[in-house]
1. From the residues in the stretch 448-481 that are closer than 20 Å to PRO319 by Cβ, of a type in the set (A, V, I, L, M) and open to solvent by less than 30 Å² (accessible area, probe 1.4 Å), which one is modelled with the lowest pLDDT?
2. I'd like the full set of residues that are open to solvent by 30 Å² or more (accessible area, probe 1.4 Å) and either of a type in the set (D, E, K, R) or without any contact (Cβ under 8 Å) to a residue 60 or more places away in the chain (or both), limited to the stretch 429-441.
3. If a residue has to be more than 28 Å from SER459 (Cβ to Cβ), in contact with a strand residue (DSSP E or B) (Cβ under 6 Å, 6 or more places away or on another chain) and of a type in the set (Val, Ile, Thr) to count, how many in the stretch 312-370 make the cut?
4. Just checking, how many residues over the stretch 16-56 are touching a Pro at 6+ places or on another chain (Cβ under 9 Å) and open to solvent by 20 Å² or more (accessible area, probe 1.4 Å)?
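The values are calculated or read from the model by the stated rules, or taken from the named source; none is laboratory data. All figures in this text were calculated on a predicted structure; none of them were measured in a lab. All Cβ positions, glycine included, derive from the backbone under ideal geometry; neighbour counts span all protein chains shown. These accessible areas exclude ligands, DNA and RNA; they are computed on the full protein's heavy atoms, side chains included. Shrake-Rupley method; radii C 1.70, N 1.55, O 1.52, S 1.80 Å.
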Amino acid sequence: MHRLHAIDAEFLHIEDECSPMHIAALCVFEGSAPSNADFVRLLAAKLHYLPRYRQRVRVPPLELGRPVWVDDPDFDLNYHVRRTALPAPGDDASLCTLMGRLMSQQLDRERPLWETWIVEGLENGRWALVTKVHHCMVDGVSGLDLLGITLDVDRESSLPQPVPWKPEPAPSGVELVWDAWSGLAEDAASWGRRLRAHTAHPENATKAAVETGQGLLMFARRLLTVPLSSLEGTIGSHRAYAYSSAQLADVRAVRKAYGGTLNDVVLAAIAGGFRTLMIHRGEDADGATLRTMVPVSVRKPEASGTLGNRVSTVLCDLPVHLSDPLARLVAVQCDMDALKASHMAEAGELLTELWDLAPPMLLGSMSRLVTRLMHRVPQRTVHTIATNIPGPQFPLYCLGRQMLASYPYVPITQGIRVATAILSYNGQLSFGVTGDLDSAPDVDVLAQAVVSEIAELRSLAALAEQQPSSQERREEVPHPELPGRGRP
């Protein structure tokens, strides 16, 4: 048995019929699709690297402990491999419609929480693979690791022999409770050792406490209610999906010309995309405030290759009220610099770790209660989500067929009607935009606008040598509204 971390279990608690909590990838390949039998053989040869693919979730009686992973005695690989086909002509719109429908369906909790769809009939003789995994099993980084295990780095890679597997006996209810509480005692003991280590170095402990306090204070300020927008509110059970792509080299050129990070450039492009979407909807973008949750990976090097969620978060204000692309970029850089200096991500990581010490029964009940309340009174602190996942910069193959592109999917929950996932792969930057089909069916406008924003920034970067330096530009461009600073 392996206990879920509290943050992993939370994705189970908040899931309901309107908020399926799985992440996914839409991978497009060259050539014709493999047969189900061939693909099943591929997975069977690699399942020993994917233990969670043969395990399901069990909850201790009365929720006296966190859920655990146990072997599925009735595991059937064929059940998890599905097949479908697009109607002619198999264009992008049809593929997005299919993706939205597949993502609207919850995974079966009585079985391992994943499924894979082989999609035939794409235009230009291509096919696609949709991998769908529950968020309680993986975050974006570990989900990408799973995909990397399934695929190959060489076109001519041969399949290894399947490793024999026999499921472990199912634990009894008493064993589940004993394991849960003994694990909780181990967590508490681990925290005791950490506290003793800190007291041995009081200066470092004091510094860490001050930084954590700063992060918590900044996080609390960013939780203040934001202005009402069509981007937040109740959601239904159906999803809209759209994707687009840009060249990673273009984003790097913008960063080189104007400083900051690749993520700053991406967030600035997303801000411009949301401005376009709001204008498309006839809303006042000039007076808008748009707050996005940006997950930050806190996975330690020694945890590389492990599953589960190892993330914190920062809350960034996207400058949709600025009409100039460079002003938006500078505003994002300033805000992200301030967030990094505030140690918000470190504070979030500490809270996540402390979460593991909370009584599981209390956490589960509270999470479900809050989720039910948000159906009636949605949250008003965050408008959207933007998560950026770095991927491999070399081609991957599935049974000799090269993966041409990979588009990510991130779920939405009550109060958040639109979310954007970004994935880099083999020199390409892909955007996958999730929307509530009832209230945000126009996510394709956002997906295309983000790419247009990158193209515009790239054109401006081409003239950068004739422009003032990055530092001079920061001084010339009026700063947007930031905490403690009025708009010019």
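1. Per the stated criteria, the residue is VAL477.
2. Hit for the stretch 429-441 is ASP438, nothing else.
3. Final tally of qualifying residues: 2.
4. Number satisfying all stated conditions: 7.
So that you can scan it fast, the table gives a plain yes or no per residue for (1) open to solvent by 10 Å² or more (accessible area, probe 1.4 Å); (2) touching a Ser or Thr at 6+ places or on another chain (Cβ under 8 Å):
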residue	(1), (2)
ALA88	yes, no
LEU98	yes, yes
SER104	yes, yes
LEU107	yes, no
GLU110	yes, no
LEU113	no, no
ILE118	no, yes
ARG126	yes, no
